[in-house]
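Visitor: One structure, as structure tokens, below. Some questions next.
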Amino acid sequence: MHKNFAFNHSQIAQTELHKIQKEQLNQECLSVIQECSTRWNSTFYMLERVIRIQDSLCLYACKHNISQLSPEEWLQLKKIVTILQPFEEVTRNMVTITPVSHQ
């Protein structure tokens, strides 16, 4: 997984990933989302995006001889996202309805 984070620091890798998405897979160009250690939901968004762009990440990894996640690992990520989804929804809803208190 951590090898995917290189996309956030390399414009060349990001451009190549977008090219794979657009030209080989006929998909919209989506980037890998950076995780933020102080916001748990950023991990959720990152995993959700990685799953969404799995095919393009796999093609990129094959081209550059980068080790990939196994089918079982991909399945585990999907299960994690499914488990976290309700928590993300509650968190998002709380942010929109909870007024900020100024003292």
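Visitor: What residue, among those in the range 60-84 that are without any contact (Cβ under 8 Å) to a residue 12 or more places away in the chain and among the polar types (S, T, N, Q), is farthest from Phe44 (Cα to Cα)?
Guide: Per the criteria, the residue is Asn65.
Visitor: Those residues that are surrounded by fewer than 15 Cβ atoms within 10 Å (Cβ to Cβ) and more than 20 Å from Ile80 (Cβ to Cβ), I need them from the range 16-63; list them, please.
Guide: Lys19, Lys22, Glu23, Gln24, Leu25, Asn26, Glu28, Cys29, Ser31, Cys62, Lys63, listed by residue number.
Visitor: Since Tyr60 meets every condition but one in (1) out of contact with any Leu (no Cβ under 6 Å at 6 or more places or on another chain); (2) among the hydroxyl-bearing types (Ser, Thr, Tyr); (3) under 18 Å from Ser10 (Cβ atoms), which condition does it not meet?
Guide: (1)
Visitor: Would you please list the contacts, defined by Cβ atoms under 7 Å and residues six or more apart or on different chains, that run from a residue in the range 29-41 that is free of Cβ contacts under 8 Å to residues at least 40 places away in the same chain to a residue that is loosely packed, with under 15 Cβ neighbours inside 10 Å and assigned to a loop (DSSP other than H, G, I, E, B)?
Guide: none
Visitor: Still on this model: Look at the range 3-44 and say how many of its residues are under 25 Å from Arg92 (Cβ atoms), of a type in the set (Gly, Ala, Ser) and at pLDDT 85 or above.
Guide: 2
Visitor: Can you tell me how many residues within the range 54-94 are of a type in the set (Gly, Ala, Ser) and within 16 Å of the chain's Cα centre (by Cα)? Before the answer, list the steps.
Guide: Going through the range 54-94, the residues of a type in the set (Gly, Ala, Ser) turn out to be 56, 61, 67, 70.
Next, only the ones that are within 16 Å of the chain's Cα centre (by Cα) stay: 56, 61.
Total meeting the criteria: 2.
The values are calculated or read from the model by the stated rules, or taken from the named source; none is laboratory data. Bear in mind that the values here come from a model prediction, so they are computed numbers and not experimental data. Glycine also receives a Cβ, built like all others from the backbone with ideal geometry; neighbour counts cover every protein chain displayed.
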